[in-house]
1. Multiply the residue gap between Thr320 and Leu308 by 0.36 nm, knock off their C-alpha separation, and tell me the result in nm, one decimal place.
2. For the chain, modelled as a GNM with alpha-carbon contacts under 10 angstrom, which of Pro333, Pro188, Pro138 fluctuates the most?
3. Filter Lys223/Lys369; Lys195/Lys369; Lys74/Lys347; Lys347/Lys375 down to the pairs with a C-alpha to C-alpha distance above 20 Å, please.
4. At most 12 other C-beta atoms within 10 Å and a DSSP loop state: those are the exposed chymotrypsin sites (Phe, Trp or Tyr not before Pro) I care about. Give me the longest piece of the chain that has none.
5. Given the chain, what percent of its DSSP beta bridges are antiparallel, to the nearest 5?
6. With only Lys, Arg, Asp and Glu charged, each at its Cβ (+1 for the first two, -1 for the last two), find how big the charge dipole of the chain is about the Cα centre; round to the nearest 20 debye.
7. Across 20 Å bins from 0, what is the distribution of all Cα-Cα pair distances for the chain, in whole percents?
8. Springs between alpha-carbon atoms under 10 Å, Gaussian network over the chain: tell me which of Ile349, Ile22, Ile69 tops the mean-square fluctuations.
Amino acid sequence: MKALTYRGPNRVDVTTKPDPRIEHPDDVVLRVVCSAICGSDLHLYGGLVPDTRVGTTFGHEFAGVVEEIGPGVKSLARGDRVVVPFNIACGTCFFCQRGLTGVCDRSNPANDTFGGAFGFSHSTGGYDGGQAEYVRVPYADVGPMVIPADMSFEDVLFLSDILPTGYQAAEMGSIRTGDAVAVFGAGPVGLFAAKSAWLMGAGRVIVVDHFDYRLEFARDYTKAEILDYRAAGGHDVVARLRAMTDGRGPDVCIDAVGCEASGSILNKVTGKAGLQAGAPTALCWAVQSVRRGGHVVAIGVYGPPWNLVPLGELMNKGITLRAAQCNVKRYLPRLLEHIRAGRIDAKRIITHRGPLDAAPDLYHVFQHKLDDCIKCVLVPNAA
């Protein structure tokens, strides 16, 4: 089969790899119809996440058609159209039984921090992802959701990750009716976090970014206020947010950027200098901006384990900080209904589509924010 293959920082190729096969009774093999490139893939692509190995196939946002079924699979049949959560979850371990499918204990037993995930660093289990013609899906009775007959693959593709991730971010912010919510990052997760904040009763939503086209898209798509932090004088963004919120700061701040925020990329330098340069900019701004007693949510990816977080400010301001990999499975029924009801048009954020062979070019476009790119989708096979 054809599959995207990681060759080292900032280099991916489309190569021929062996077709996946049934390895366990509860596996299925999926023919991938569409697979998105995620901001988290850019962290891998840029070499920011430890133990990202040459030869890995990326892609944790995908949907497709069931081609082969293991003998233990009961809930799926050949030909079913499904969307697959990026988490690989067994459904029975201590964490899955508590709805914490993002930290499943059985899908990645060699690591005591991460659960299993498709197409990511080997720290999440070494599972190949869906930027390929076919992909093996373990625990197939647990994760995949059958797509309703009246909905398209693109209608529900982002239920695999970024829509539930943005929704969980807003939920973790404990938003109360009328709250002011600031979202750092106008990428896909930030857009969905802003949309979700309105659904949870926010009175104001402010999206912070510095790319004009992303801010304009955020204004139109989410109906949020926008703040260009370049115009705010860089770090004066904190003062601007306070001025916009009666001098106190937003009630909730969401970091939807992670380790690739400007000023916080840790692999630019090494050693002690790297640590000094390693302050996570978006998270620091969130902590500095939020009102005393407010809530900060970190939902952007922080691959490197070392980041300079302002713990003193967190404690002295009485801030609640929450962070998590999204527990995708628990949100699927609710978010499917939001899509069906028209409250969230998830596929509207797609700006670029292409065949699998176009993946290297689309990674370049997405990474460098070219051609007003918001979200790229690959189409390895026809529906």
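1. My answer for the length gained is 2.6 nm.
2. Highest fluctuation of the listed residues: Pro333.
3. Exceeds cut-off: Lys223/Lys369; Lys195/Lys369; Lys74/Lys347.
4. Value returned for the longest uninterrupted segment is 95-305.
5. Numbers: 30 of 57 bridges.
The antiparallel fraction comes to roughly 55 percent.
6. The dipole magnitude comes to about 780 debye.
7. P(r) over the chain, rounded to whole percents: 30, 60, 11, 0.
8. Ile22
Bear in mind these aren't lab numbers, they're just calculated from the coordinates by the rules spelled out. It should be emphasised that the depicted structure is a prediction, and the values quoted were computed from it without experimental measurement. With ideal geometry, Cβ positions are generated from the backbone for all residues, glycine too; neighbour counts draw on all protein chains shown.
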